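For reference, the structure is listed below as structure tokens.
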Amino acid sequence: PMMVAGRLERRAGEEDRGAAAAALARRLGVPLLADPLSGARRGSTAIAHYDALLRKETFAADVLPDWVLRVGDLPTSKPLRRWLAALPDEVEQVALEPEGVWHDPDGVLARIAPGGELVEAGRTEVGWLRRWRDADEAAGFALDTELRRGLSEPLVANHLATTLPAEAVLVVASSMPVRDVEAFAPARDDPPRVLANRGANGIDGTVSTALGVAAVHDGPVVLLIGDVALVHDLGGLAALARSRRPLTIVLVDNGGGGIFDALPVAAATDAFEEHVATPTGVDFAAAAAMAGIAYLRVQAPQHLRPAFETTLLHVRTDRAETLALRRRCVAAVHAAIARPGADEASRRAGHEGWDPKTYLAFIRREGVPGYDRLQKEAVAATLGLAASSILELGTGTGETARRLLEAHPDASLLGLDANEDMLAAARERLDPARTALELRRLEDALPDGPFDLVASALAVHHLQAAGKADLFARVRAVLAPGGRFVLADVVVPEDERERSTPLSEFDFPSTVVQQLGWLEEAGFEATVTWRERDLAVLVGHVR
């Protein structure tokens, strides 16, 4: 089973239905494909990149659910809508609708239900969720790589959805802005609220809508809008100067209607620009001056933040380049999920190929700029635990093991690594009376416990999502009562500008939120004891 969440309306004082939908998906353990307009793209089961994933026919055909729980309107994504409409008749689609409203333009719903009866019936197999998670994580990494190439329309949408605080409201215009937010917004536990006008005339009055939101909302309000939509509401722009609440307008100006460039009509070059793309020719700096509001030409993502006064942030893009980027993004996702799954040993080929004699120097100089701080914080997270037996995953040359043994003078340590040369280097620097080292991969069975402490530094990020979740469950099984799991590793940063650790095609870092979710699912009480840029220390306590 799976859940699909479209736009969910919420009136003042009402329950956050998006958060409730995400909580239900987590309780059921099902993949949640949530449009950001639902407010449900959050939690450990959320799948953020379904728009690109479902464009690959083989993937779409290979992930057919046995039934679908639908919440809210249909999502904006055309690939998702087509996929839902084409599901076999035996795949029951049920609408979770407490008020009993039947909204089914495609005629595929079997019934509506209040929800309680679905909680037990909908529980899923772990492998089904992991399959979606793995694909989503690979897609996210591929998209991240493409978006880092420079300022673009998809990057603007991704940046706003990633960095705006939870108390903010992001108003999104029709056409490409709402689609870019759906395609490129990550899953967050604390997303901003996303609003949009949908319908036949959704392009009209967008500035006025955002102005109304700003008038009643106490937090930051940001409008993401295209040039054509802005010109359709110049009256709203003129009214901004009289507003008592600041509104930040992020204008993506590509010289016309970029959504039409992907349609066959774009081939009619003689008539296309004037009659279909309809470039506005408006001087937006002058328009801002006319409205009496501040204006800034944006050259970098860091300029895209809420302002203390009403401001027009102008992002100039090229329609042809943007179309090519969107196609590259989809192709990159498809290549990422088509790549045969390699085991942990092959993914660590780069690590294992380094000379153990120069490995530490390389890591400190080029590999992980925050290496020493990460090591210190990892050891600090183990203090206060009376550990007599330690299991280390990914011992490498023994640097973390050395620090752990110094911090726990009464403990013995069993270290595992997939490279014999690294283990040989570790043997030379560790006390053999207190240390045993074994050649094992992270996927291999763990030694019988119980252990008081399991620790790992800079190893687990070589596993994909399913591998991480599986490892966490196996770690929990070998820990003694009151034991602790300390994970110090590379993570996906909250802001791409904070990435400092270079990644290879064999690195699959996950977000802190994802890993906290997997730790909790494995039976841990999970916390973050330290985080800086793209490094973090997570701790799982045995309940």
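From ARG245, ARG179, ARG188, which residue is assigned to a loop (DSSP other than H, G, I, E, B), farther than 17 Å from ARG305 by Cα and basic (Lys, Arg)?
Result: ARG188 is the single residue among ARG245, ARG179, ARG188 that is assigned to a loop (DSSP other than H, G, I, E, B), farther than 17 Å from ARG305 by Cα and basic (Lys, Arg).
Show me the strands (runs of 3 or more DSSP E) entirely contained within region 29-101 in which 1 or more residues are closer than 25 Å to PRO177 by Cα and among the charged types (D, E, K, R).
67-71
If a residue must be over 37 Å from the mean Cα position of the chain (by Cα), at pLDDT 90 or above and in a helix (DSSP H, G or I), how many such residues does region 425-460 contain?
Count: 1.
Could you tell me which of the residues GLU520, GLU496 is within 28 Å of PRO31 (Cβ to Cβ) and at pLDDT below 90?
GLU496
Can you find a residue in region 483-493 that is touching a strand residue (DSSP E or B) at 6+ places or on another chain (Cβ under 7 Å), of a type in the set (A, V, I, L, M, F, W, C), in a loop (DSSP other than H, G, I, E, B) and within 20 Å of ASP144 (Cβ to Cβ)?
Within region 483-493 (the criterion being touching a strand residue (DSSP E or B) at 6+ places or on another chain (Cβ under 7 Å), of a type in the set (A, V, I, L, M, F, W, C), in a loop (DSSP other than H, G, I, E, B) and within 20 Å of ASP144 (Cβ to Cβ)), the answer is yes, since at least one residue qualifies.
Please pick out the residue among LEU247, LEU223 that is more than 26 Å from the chain's Cα centre (by Cα), surrounded by 15 or more Cβ atoms within 10 Å (Cβ to Cβ) and either aliphatic (A, V, I, L, M) or modelled with pLDDT under 90 (or both).
Of the residues listed, the single one that is more than 26 Å from the chain's Cα centre (by Cα), surrounded by 15 or more Cβ atoms within 10 Å (Cβ to Cβ) and either aliphatic (A, V, I, L, M) or modelled with pLDDT under 90 (or both) is LEU247.
Among the residues of region 391-401, which ones are touching an Asp or Glu at 6+ places or on another chain (Cβ under 7 Å) and in contact (Cβ under 8 Å) with a residue 40 or more places away in the chain?
GLY394, THR395, GLY396, THR400, listed by residue number.
The values are calculated or read from the model by the stated rules, or taken from the named source; none is laboratory data. Please read all numbers here as calculations on a predicted model, not as lab measurements. Using ideal geometry, Cβ is built from the backbone for each residue, glycine included, and neighbour counts are taken over all protein chains shown.
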